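Below you'll find the structure, written out as structure tokens, and then a few comments.
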């Protein structure tokens, strides 16, 4: 890594999209050997700021400076040439190619006629991996690595390209606790060797752990810079939201009839029989690490994956592998990946919101009235507080949190008795998360049985009555939330037993 | 290498079964013919695979073969131009047409399927128009040039290597080196695997893609030339019909994913050979009526793809458990 003497600075940058001000005269500078966390709710302007710093968007006003010199960044490749690398959440790796090929992509050591120098490739790749202390074979396809390892490959590639500034966008969103720890360790090592690091994350615990400075954005404005002792969870939340959040009081488990009963469920991902029940009004969390089989369990219940054993909804036997029937008997699944599994991004909010219930509106021969489903869509938008409150804009134009509200809302239009959610608030900002939690609490008070999988420990503890902890496809323990601790859950999730 | 093992097994099994039913399968005459056909289709298969690796497709191969294959004898025997002028000129034209496909796909961001589908219609239509649907042939002319297509290099008494096989070997070695050993090849694979990543790494994505389409055009042109040199004459309404599908089948059977980013030249060669062996088997085995050729080939390709997917699933399941 080059001795980092410089500094990267966004000076009074503003950016408008259409009539919406995404960033309003924001000034941020990052020094070598520093980790700066940029936090804020979705739509606060974090992504816009990062995209300006790495050349994806030009800014309307203001300038980006490197070492005091104003620079124009024509695009990510250009920014990369200036030593600025963005590691986006969706890693930009070529999955079918090897680790070495990925590390040197775009700057392969070449001889005459564009001949690739294999030996130079391998030694350069090895050096790159050493910088992030990652020990994987150079010849295996990147697709065979775990997500944490892939992240480190992406970072190694950036560093090897002489990047002095790393922009990390939600790097830990999909990592297990162990992987997260490794990644944060490596980031701190890189900082000590002089890298300037910008960290965008919703996980405030990580910010407390590693950030030297915290830049808080709200509605496109730079509202606060926190340093040292000021970097504190409550303070960060207050600055992000602009008000204090009331911690929700946890009500005790209400008595109710069993709505979802699972007996002896077995599948490819679940080697031992699984039994549990969810009562009306109950919220149960599925906790565990990546690969614990939580998503697969939800999908098996809903009918997207094969299973054996009995699943009953309101005493009615639910046949496997029949999602259409599941929807009819009142079971709904909010999937993990809202962009790829939950929404048709180019279609309007209305189209998305009315989709699951559309069959109810159809007349003879599947005929739809021109305004079919409009009321449903309006109701979804109102009930969940989707912003902006319009049904005629493309779902893809909403912020992540508001997209998630639509994904959840479209099922509520069907009045499901059992609601399954996979990572209900992944990548959703604090404010929208609280609104979604609030809505889920209301639903369970109305008698809906809720089963959700979450990797966020805070969410598991705050939202559930009971916690089912899974490890490698087996249930390793069931805890009552009011008595459970993070340590206990983690112990069960890693295959140990609760102390 | 592991990836081509499955398709190699299928090739061996089909060959052994055919040989055991029909002794003439192993006759030197048949083997020579088979090698000639496989070589010709291997050349256009390699062209198709380069485009498929980018995640694109080229449906115009057959019509381009028709264009070059018909215009070559036409220019030489009817217009009276020198072969030294006609052959390089037409190959340049084929490369230029491929280049144009690339330009339309990258600069105008049109879908490869659409661009090359239009090519499929246009080139055949133009050829039929120029020749007024008349068959053109060399007659007795250009017998020297024709050895490129129908030449034989005697090895033993009865057996000779067909000339196109040598051309294929040169093309295949060059293509394999290009794909595996040069920066351009790396970039081609990277683009097919993840175009955004490639772009953000500073790779000139458009230029590399245009190159792939131009090479595919050139190889189709070479194919068209060799086909007509071999047969001696061409009929514009059916010359090269469906050849793009044989080329795509060779690439897909050989391990090229239509999603892009994957593929080997060795695989494509085996794929091309398998398709020709299948066609040959249908002719040789009396119990299979010749007119169901397409159905048999379609079914075999489908089975191969299903088997491939099944193997992939088993492997990934074993890996996860």
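The values are calculated or read from the model by the stated rules, or taken from the named source; none is laboratory data. The structure presented is a predicted model; accordingly, all values stated were derived computationally and were not measured. In this analysis, Cβ positions are derived from the backbone assuming ideal geometry, glycine residues included, and neighbour counts consider all displayed protein chains.
Confirm whether residue A:141 is farther than 19 Å from residue A:82 by Cβ, within 14 Å of chain B (Cβ to nearest Cβ) and more than 21 Å from the chain's Cα centre (by Cα). In short, yes.
If you check B:114, B:91, B:103, B:120 for being exposed (fewer than 15 other Cβ atoms within 10 Å of the Cβ) and out of contact with any strand residue (DSSP E or B) (no Cβ under 6 Å at 6 or more places or on another chain), only one passes: B:114.
Among the residues of the range A:58-75, those that are closer than 15 Å to residue A:14 by Cβ and either within 14 Å of chain B (Cβ to nearest Cβ) or outside any loop (DSSP other than H, G, I, E, B) (or both) comprise A:61, A:62, A:63, A:64. When A:401, A:389, A:373 are checked against the criterion of being free of Cβ contacts under 8 Å to residues at least 24 places away in the same chain, touching a helix residue (DSSP H, G or I) at 6+ places or on another chain (Cβ under 8 Å) and farther than 27 Å from residue A:329 by Cβ, A:389 stands alone in meeting it.
Have a look at A:129, A:166 and point out the one that is more than 10 Å from chain B (Cβ to nearest Cβ) and assigned to a strand (DSSP E or B). Of the residues listed, the single one that is more than 10 Å from chain B (Cβ to nearest Cβ) and assigned to a strand (DSSP E or B) is A:166. Here residue A:156 meets the list (1) surrounded by fewer than 20 Cβ atoms within 10 Å (Cβ to Cβ); (2) away from chain B (no Cβ under 12 Å); (3) touching a helix residue (DSSP H, G or I) at 6+ places or on another chain (Cβ under 8 Å) almost entirely, failing just condition (1). Scan the range A:99-117 for residues that are more than 9 Å from chain B (Cβ to nearest Cβ), outside any loop (DSSP other than H, G, I, E, B) and surrounded by fewer than 19 Cβ atoms within 10 Å (Cβ to Cβ) and the total you get is 1. Touching a residue at least 24 places away in the same chain (Cβ under 8 Å), surrounded by fewer than 17 Cβ atoms within 10 Å (Cβ to Cβ), farther than 26 Å from residue A:11 by Cβ and touching a helix residue (DSSP H, G or I) at 6+ places or on another chain (Cβ under 7 Å): does that describe residue A:188? Yes; evaluated as a whole, the condition is true for this residue. Return yes or no: is residue B:176 facing another protein chain (nearest Cβ under 10 Å) and either without any contact (Cβ under 8 Å) to a residue 40 or more places away in the chain or surrounded by fewer than 23 Cβ atoms within 10 Å (Cβ to Cβ) (or both)? No, not satisfied.
Of the numbered criteria (1) part of a loop (DSSP other than H, G, I, E, B); (2) under 20 Å from the mean Cα position of the chain (by Cα); (3) surrounded by fewer than 22 Cβ atoms within 10 Å (Cβ to Cβ), the one residue A:458 fails is (1). Of the candidates B:306, B:300, the single residue that is more than 30 Å from residue B:187 (Cβ to Cβ), more than 20 Å from the chain's Cα centre (by Cα) and either within 14 Å of chain A (Cβ to nearest Cβ) or part of a helix (DSSP H, G or I) (or both) is B:306. Quick one: is residue B:314 within 14 Å of chain A (Cβ to nearest Cβ) and in a helix (DSSP H, G or I)? So residue B:314 fits the description; yes. Criterion first (out of contact with any strand residue (DSSP E or B) (no Cβ under 6 Å at 6 or more places or on another chain) and closer than 23 Å to residue A:260 by Cβ) does residue A:303 satisfy it? Yes, satisfied. When residues in the range A:330-359 are screened for being touching a residue at least 24 places away in the same chain (Cβ under 8 Å) and either over 27 Å from the mean Cα position of the chain (by Cα) or outside any helix (DSSP H, G or I) (or both), 16 of them pass. Looking at the range A:118-148, which of its residues are surrounded by 19 or more Cβ atoms within 10 Å (Cβ to Cβ) and either over 17 Å from residue A:161 (Cα atoms) or at pLDDT below 90 (or both)? The answer is A:131, A:132, A:134, A:142, A:145, A:148. For residue A:410, the conditions (1) in a loop (DSSP other than H, G, I, E, B); (2) under 30 Å from residue A:316 (Cβ atoms); (3) free of Cβ contacts under 8 Å to residues at least 60 places away in the same chain are fulfilled apart from (1). Here residue B:139 meets the list (1) in contact with a strand residue (DSSP E or B) (Cβ under 9 Å, 6 or more places away or on another chain); (2) outside any loop (DSSP other than H, G, I, E, B); (3) at pLDDT below 90 almost entirely, failing just condition (2). In this entry, residue B:228 passes the filter for residues that are in a helix (DSSP H, G or I), touching a residue at least 24 places away in the same chain (Cβ under 8 Å) and in contact with a strand residue (DSSP E or B) (Cβ under 9 Å, 6 or more places away or on another chain).
Return the residues of the range A:76-98 that are over 25 Å from the mean Cα position of the chain (by Cα), part of a loop (DSSP other than H, G, I, E, B) and more than 7 Å from chain B (Cβ to nearest Cβ); say none if nothing qualifies. If the condition is that a residue be over 25 Å from the mean Cα position of the chain (by Cα), part of a loop (DSSP other than H, G, I, E, B) and more than 7 Å from chain B (Cβ to nearest Cβ), then A:82, A:83 are the ones that fit.
Restricting attention to the range B:59-99, the residues being touching a residue at least 40 places away in the same chain (Cβ under 8 Å) and more than 22 Å from residue B:41 (Cα to Cα) number 5. When you look at residue A:313, is it modelled with pLDDT of 85 or more and in contact with a helix residue (DSSP H, G or I) (Cβ under 7 Å, 6 or more places away or on another chain), yes or no? Criteria not met by residue A:313.
The rows are residues; the columns are (1) away from every other protein chain (no Cβ under 14 Å); (2) under 30 Å from residue A:55 (Cβ atoms).
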{"residue": "B:170", "(1), (2)": "yes, no"}
{"residue": "B:184", "(1), (2)": "no, yes"}
{"residue": "B:192", "(1), (2)": "no, yes"}
{"residue": "B:197", "(1), (2)": "no, yes"}
{"residue": "B:216", "(1), (2)": "yes, no"}
{"residue": "B:233", "(1), (2)": "yes, no"}
{"residue": "B:236", "(1), (2)": "yes, no"}
{"residue": "B:251", "(1), (2)": "yes, no"}
{"residue": "B:256", "(1), (2)": "no, no"}
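For residues that are more than 19 Å from residue A:24 (Cβ to Cβ) and not in a helix (DSSP H, G or I), tally how many sit in the range A:215-246. Residues in the range A:215-246 being more than 19 Å from residue A:24 (Cβ to Cβ) and not in a helix (DSSP H, G or I): 8 in total. Residue B:166 falls short on exactly one of the conditions (1) surrounded by 16 or more Cβ atoms within 10 Å (Cβ to Cβ); (2) at pLDDT 95 or above; (3) more than 23 Å from residue B:256 (Cα to Cα), and that condition is (1). Candidates B:208, B:183: the one that is modelled with pLDDT of 95 or more and closer than 19 Å to residue A:107 by Cβ is B:208. Within the set A:479, A:451, A:463, the sole residue that is buried (at least 20 other Cβ atoms within 10 Å of the Cβ) and touching a helix residue (DSSP H, G or I) at 6+ places or on another chain (Cβ under 6 Å) turns out to be A:463. For the residues B:42, B:55, the requirement of being buried (at least 18 other Cβ atoms within 10 Å of the Cβ) and outside any helix (DSSP H, G or I) singles out B:55.
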